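Below you'll find the structure, written out as structure tokens, and then a few comments.
Here, each number is a calculation from the coordinates, and none is a lab measurement. Just so it is clear, the model here is predicted, and its values are computed rather than measured. Cβ sites come from the backbone with ideal geometry, for glycine too, and all protein chains shown count toward neighbours.
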Amino acid sequence: MQRRAVAQEGRTERGWLRFAGLDAELPYIDIDSGVPGPRLAVMAGIHPNEVSSMEAALRLAAAFDDGLRRGSVTLLPVVNMPGLAGHAEFVIPVDGKNLNFSFPGRVDGSFTERLAHALVTEWSAGADVVIDLHGGDLREAVAKFVMVQTTGEAAFDARTRALARCYDAELIVEFQPGETVNTGRATNMLPRLGRHAVMSEAGANGRLDEACIAFHVGGVLNIARLLGLTSAPLLPHGRTARILSGFSRVVAPADGRFYCEVACNDVVRAGQLVAVLRDIFGIQIAEMRAAEAGRVVMIVTHNIVSEGEWVLSIGLPLGEA
Ligand SMILES: [Zn+2]
């Protein structure tokens, strides 16, 4: 990994990262307090339309430049640089793969797999916590929520739960040990390597939203406080998070016009109508119903969907934080 610094102001260095074997440069912002201490690694823009989370990374850089007391922070404000200008939805256009489901990656894999491997083994090596900021691609809306992976190891999971509760979240998804459906995210895979990771989601439709930006910034700053990187007071929570054990993927049964009947964070009953699908003439062709009771985590916001498209996620409740 090579750092090509282009600016140094105070304790903050900005520049470009390059990994061996990958023809791409990623912008980085590093803040070093000059005092030994924990290291925090924060990335955004794995999905490069999720701009509220990417904006949060920039604001965090400014906050840490001012407030870091111990340790260091490394920030990647846009991981998917190859997809940025073309507004790529979910994938890195070099190989068409979704980095979000490519961790821990492969050293001899395709571009996306190599990048995942480099992020795990080089960029975030030695970090006490890796935080992955997401939320609100061009055609989706998400609840303000956090994802973490539990392992079954009590002390590790207690720390993981404390990290997740740093966010003022509507929902916290605690993926259960042995989770097999939702794998490949950094937040799912790093705990299997004994490393702490948190993923936060907030945003909609590729737009900047101050409440969503504040959700991401506030959660990361609280984690920094928990780790002892800063001495700022913990930001208070305005709501009680509901804890989920995971979430289902509801897919469109056919091409059509999608009329969603629920909003993010809504409570749904088993069997409740959550969306209607109509054909090109507006004739109803399918009803979509919740298989189980839960909370709405994500909805597609575009009226036109295709067969097999992931259009809704419903999380399964465990309790309250
Ligand atoms: Zn995302």
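Applying the criteria of a DSSP loop state and at most 15 other Cβ atoms within 10 Å to the GluC sites (Glu not before Pro) of the range 1-67 yields GLU25. Given +1 at the Cβ of Lys and Arg, -1 at the Cβ of Asp and Glu and no other charges, the dipole of the range 106-161 around its Cα centre is 160 debye to the nearest 20.
Taking neighbour Cβ counts within 10 Å as the exposure measure, how do VAL107, VAL300 sort from fewest upward?
Values: VAL107 11, VAL300 21.
Sorted ascending by nearby Cβ count, the order is VAL107, VAL300.
Mean separation of Cα pairs under 8 Å and 6+ residues apart, divided by the residue count of the chain: what relative contact order is that in percent? Walk me through the numbers on the way to the answer.
Numbers: 841 pairs, mean separation 52.5, N = 321.
Relative contact order, the chain: 16 percent.
Charge tally around ASP128: other residues with Cβ under 12 Å, Lys/Arg +1 each, Asp/Glu -1 each, net +4.
The C-alpha atoms of the chain occupy a region whose extents along the principal axes are 64, 42, 36 Å, arranged from largest to smallest.
How compact is the range 250-320 by the rule of thumb for globular proteins, expressed as Cα Rg over 2.2 N^0.38 Å?
Working: Rg = 12.0 Å, N = 71, 2.2 N^0.38 = 11.1 Å.
Compactness ratio reported: 1.08.
Give me Rg over Rh for the range 92-132, both radii from the alpha carbons and Rh done the Kirkwood way, two decimal places.
Details: Rg = 10.3 Å, Rh = 10.4 Å.
Rg/Rh: 0.99.
Scaled to the globular estimate 2.2 N^0.38 Å, the Cα spread of the range 99-258, given as radius of gyration, is 1.07.
Loop only by DSSP, 11 or fewer other Cβ within 10 Å of the Cβ. Give me the GluC sites (Glu not before Pro) in the range 212-321 that pass, ordered by residue number. Sparse-neighbourhood loop GluC sites (Glu not before Pro): GLU307.
Scale the Cα Rg of the range 191-321 by the rule-of-thumb value 2.2 N^0.38 Å and send over the ratio, two decimals.
Values: Rg = 18.2 Å, N = 131, 2.2 N^0.38 = 14.0 Å.
That ratio works out to 1.30.
For every helix of n ≥ 4 consecutive DSSP H residues, a contribution of -39,500 (n - 2.57) applies; sum these over the chain, divide by its total residues, and give [θ] at 222 nm rounded to the nearest 500 deg cm²/dmol.
Values: 6 runs with 62 residues, N = 321.
Mean residue ellipticity at 222 nm (helix-derived): -5500 deg cm²/dmol.
Loop-located trypsin sites (Lys or Arg not before Pro) in the range 99-156 (DSSP state other than H, G, I, E, B) with a sparse environment of at most 15 neighbouring Cβ atoms within 10 Å: ARG106.
Please report the antiparallel percentage of the DSSP beta bridges confined to the chain, to the nearest 5.
70 percent
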